[in-house]
Amino acid sequence: MRVVIQRVREASVTIDGKLHSAIGSGMLILIGVEDRDNAEEVDWLVKKVSQLRIFDDDNGVMNRSVVDVEGEILVVSQFTLHASTKKGNRPSYIRASRPEHAIPMYELFCRQLSQTIGRRVEMGVFGADMQVALINDGPVTICIDSLNRE
């Protein structure tokens with residue numbers, strides 16, 4: 001699994017001109033799933049994301065997690081995170097999982113993340129044409145790939 005985490009002041013997903021989900025201060029997480037991803041990858045990534053210290057403490061040092069600051073989370077599926085640009089100028093998405101594998105992994109990640117942080121996790125709609133809006137705070141953007149842990 002590959003995620004791009006953005007510390008946000010607010011973020012939202014709009015589908016067909018209608019607001020689908022929105023959060024205030026917290027994290028917008030874009031997530032891409034590969035065929036080799038499994039529940040072990042989800043467990044590791046949920047722990048990493050929930051404990052990631054990217055929020056300021058009282059001294060202005062990034063030393064607090066989303067749990068510590070009681071931040072909100074919006075998770076959006078994004079298969080393009082697995083784009084390969086090695087050949088030509090048109091990206092290949094062959095590494096991205098098909099929906100029959102990706103949807104259960106996406107839903108498991110969101111469910112476990114919600115349980116871990118003790119609050120609802122907002123979601124986009126898998127496969128939908130979504131407009132994602134955000135105000136990046138910092139800016140702070142972190143990329144994590146569960147298959148590159150070392």
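Derivation of every value follows stated rules applied to the coordinates shown; laboratory data play no part. Since this is a predicted model, take the numbers as computed values, not measurements. Ideal geometry is used to build each Cβ from the backbone, glycine not excepted, and the neighbour counts take in all protein chains shown.
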Check your understanding: If you take the alpha carbon radius of gyration of the range 97-142 and divide it by 2.2 N^0.38 Å, what ratio comes out, to two decimals?
Key -> 1.39
Review point. Once the Cα gyration tensor of the chain is found, what semi-axes does its equivalent ellipsoid get, as square roots of 5 times the eigenvalues, in whole Å, sorted largest first?
Key: 24, 18, 16
**Study point:** Pairs of alpha carbons in the range 65-150 whose separation is greater than 20 Å (percent)
**Key:** 49
**Study point:** Peptides ranked, highest mean first, by Cβ atoms within 10 Å: ranges 138-147, 103-112, 37-46, 83-92
**Key:** 103-112, 37-46, 138-147, 83-92
Exercise for review: Please label the shape of the range 8-47 as rounded, prolate or oblate, based on the square roots a ≥ b ≥ c of the eigenvalues of the alpha-carbon gyration tensor (a/c under 1.5 means rounded; beyond that, a/b larger than b/c means prolate, else oblate).
Suggested key: oblate
Practice item. Multiply the residue gap between Gln115 and Glu40 by 0.36 nm, knock off their C-alpha separation, and tell me the result in nm, one decimal place. Key: 25.4 nm
Point to revise | Acute angle (nearest 10 degrees) that the helix 99-117 long axis makes with the longest principal axis of the chain, alpha-carbon atoms | key: 10
Study note, to complete from the structure: Once both label points are put 7 Å beyond Cα along the C-beta direction, the Lys86-Cys143 separation in nm becomes 1.6
Review point. Angle, helix 39-51 long axis vs. longest principal axis of the chain, Cα atoms, 0 to 90°, nearest 10?
Key: 30
Review point. Using alpha carbon centroids, what distance separates the range 106-150 and the range 7-68, in Å?
Key: 4
